[in-house]
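To start, the structure under review is shown below, and the notes come after it.
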Amino acid sequence: MKTDYIKDCLKDIILLSDTPVEECHIERGINFLCPPPKSPVKGTVFAGTLSEWKMLCEMHLVYSTCSYLICTDGEHYAFEAPKNRIYNLFVINSSVKTVLNKLTNLLVSRTALSDTQQYKLYHDFWHSIMDGSLDSRETVIEYMQQFPYQMHAHIACIVITYDLSELDSLQMREIDIVLKNFFKETNLFFYNSEWIILFSQSKDTSVDLDLPYDEFSLLLEQYQLSAGISYACQLPEQFRTLYLTASASVQLGKSLKLKPYIKKIYTYHQFNPYYVIHLCSQKFTEIYNTKNIVYLAHPDVVRLYYYDLENKGNLLDVLFAYLSCGQNLSSASKMLYMHRNTVLNKLNKIEEFLNHKPFTEKDHFLMLLSCMIIKYQCIENDLTKFFPL
């Protein structure tokens, strides 16, 4: 965007403007001066307070080709711009919040037409995907050819929800800009209170997408968001399934209070077994006319659950952690934040209570699955309704 647009937008509050750089890219988002930036790309726009600007100058962290919006908020300061510098400097008699609001409105007004056209394209596509009217591979591919960005062979769905009860229009716009800056040349849009990212990549993958997960996690944490990520496949007509599995991963992870492997990122790879249990539960309820699915679990696991309930214990949690870690005592201790000997003692207590060892190789998978069934059942229904103590 031309620098003159910023001048015009802020003309009623600008005290000083010196703009040797013609272009600035506020459409990529507006960065804060603090924490200090590290080698920003050309055209980056920064906004911050007078004290933050002084700190940057002292640390020699003012970069060429960028734009700096210094908000004095009524505080006086004599500005002496260095000679032969190549960055834009705006001194503004206002607060940072006011400046951000004005620039956000500028972005909205300048991109409204383009956004409206793209939104309708995405909205129509997604509506047809979700209601099942767009289920032919040829038709889906033909539709996707209209997207602004090319879709590659391996596709996945990323669903982003916000943790707050609601967002105002400025917050939504800021998040939208940040996501589009992070997922460059990726088709994404806002639909029914969540962001849908039609992620695609050229190379095949079994689990991990071609994403900087740690950076993505930090972004989600900063804006109080959560993301669900599906598996990748080569069948674009299955976008509805990819969406449902990604969305369910977030819902199940939060309901089960299970920490995702990477903070704020709930992958279907991690929550796949719980989703399978969820689908089985729905069918079980339909066939047997009861929501009590504990009969699908191994009796020993059910016994341990009620023993814990009666004695306010955690033997089932210990068993679950031990089995989840491949019966590795040290790993289970770390997962449970317990001393190794404490875990060992509890495993012995489990064996003593059941009168046999439930950790045999042949029963490992069944016992682990049963623990998951009980954990799922606990969030869906109070088990004491079915078996009162």
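Bear in mind that the values in this text are calculations on the coordinates, not laboratory data. Because the structure is a prediction, the values reported are computed rather than measured. As a convention, Cβ positions derive from the backbone with ideal geometry for all residues, glycine included, and neighbour counts pool all protein chains shown.
Annotations
- Here the ratio of the Cα radius of gyration of the chain to 2.2 N^0.38 Å is 1.28.
- Here the Karplus curve 6.51 cos²θ - 1.76 cosθ + 1.60, taken at θ = phi - 60°, turns the phi angles of the stretch 217-233 into couplings of 4, 5, 4, 4, 5, 4, 9, 6, 10, 9, 10, x, 10, 7, 5, 9, 8 Hz, with x standing for Gly and Pro.
- Integer Hz, Karplus 6.51/-1.76/1.60 couplings in order for the stretch 361-372, x for Gly and Pro: 4, 5, 9, 4, 5, 4, 5, 5, 4, 5, 4, 5
- Calculated FRET efficiency, Ile262 to Thr65, Cβ-Cβ distance, R0 = 25 Å: about 0.15 to the nearest 0.05.
- Ascending count of other beta-carbon atoms within 10 Å, so fewest first, for Asp168, Asp135: Asp168, Asp135
- Using a Gaussian network model of the chain in which every pair of alpha carbons under 10 angstrom is joined by a spring, one finds that among Thr267, Thr72, Thr245 the greatest mean-square fluctuation is at Thr72.
- DSSP-defined antiparallel bridges as percent of all bridges, the stretch 3-94, nearest 5: 25 percent
- Positive minus negative residues near Pro358 (Lys, Arg vs Asp, Glu; Cβ under 9 Å): -2
- 0 to 90° range, to nearest 10: angle between helix 96-130 axis and the chain longest Cα axis: 50 degrees
- Calculated from backbone phi, Karplus (6.51, -1.76, 1.60) coupling profile of the stretch 137-152 in Hz, x at Gly/Pro: 4, 4, 5, 5, 5, 4, 5, 5, 5, 7, 5, x, 10, 5, 9, 8
- Alpha carbon convex hull of the stretch 3-94, volume per residue in cubic angstrom: 92 Å³
- Amide H to amide H, with H built 1.01 Å from N, Leu16 comes under 5 Å of Val91, counting only residues 5 or more places away or on other chains.
- With Cα atoms, 0 to 90° folded angle of helix 315-324 axis to the chain main axis: 70 degrees
- Listed residue pairs exceeding 23 Å between alpha carbons, taken from Lys257/Lys312; Lys254/Lys357; Lys38/Lys264; Lys102/Lys264; Lys38/Lys180: Lys254/Lys357; Lys38/Lys264; Lys102/Lys264
- All Cα pairs of the stretch 150-294, percent lying beyond 19 Å: 54 percent
- Within straight-line cross-link reach of Lys7, aspartates and glutamates at Cα separation under 20 Å, skipping those fewer than 8 residues along the same chain: Asp18, Glu22, Glu23, Glu27, Asp73, Glu80
- With the simple spin-label model, which puts each label point 7 Å out from Cα in the Cβ direction, the Met55 to Gln171 separation comes to 2.5 nm.
- Förster radius 22 Å - calculated FRET efficiency between Gln146 and Gln234, Cβ distance, rounded to 0.05: 0.65
- Charge tally around Glu52: other residues with Cβ under 15 Å, Lys/Arg +1 each, Asp/Glu -1 each, net -1.
- Once the C-beta distance of Asn289 and Lys254 is scaled by a Förster radius of 30 Å, the resulting FRET efficiency is 0.55 to the nearest 0.05.
- GNM result for the chain, Cα springs below 10 Å: residue of Met55, Met367, Met144 fluctuating most strongly: Met55
- Using the Cβ of Asp163 as centre and a radius below 14 Å, the other residues enclosed give a net charge of 0, where K and R count +1 and D and E count -1.
- GNM result for the chain, Cα springs below 10 Å: residue of Lys38, Lys263, Lys375 fluctuating most strongly: Lys38
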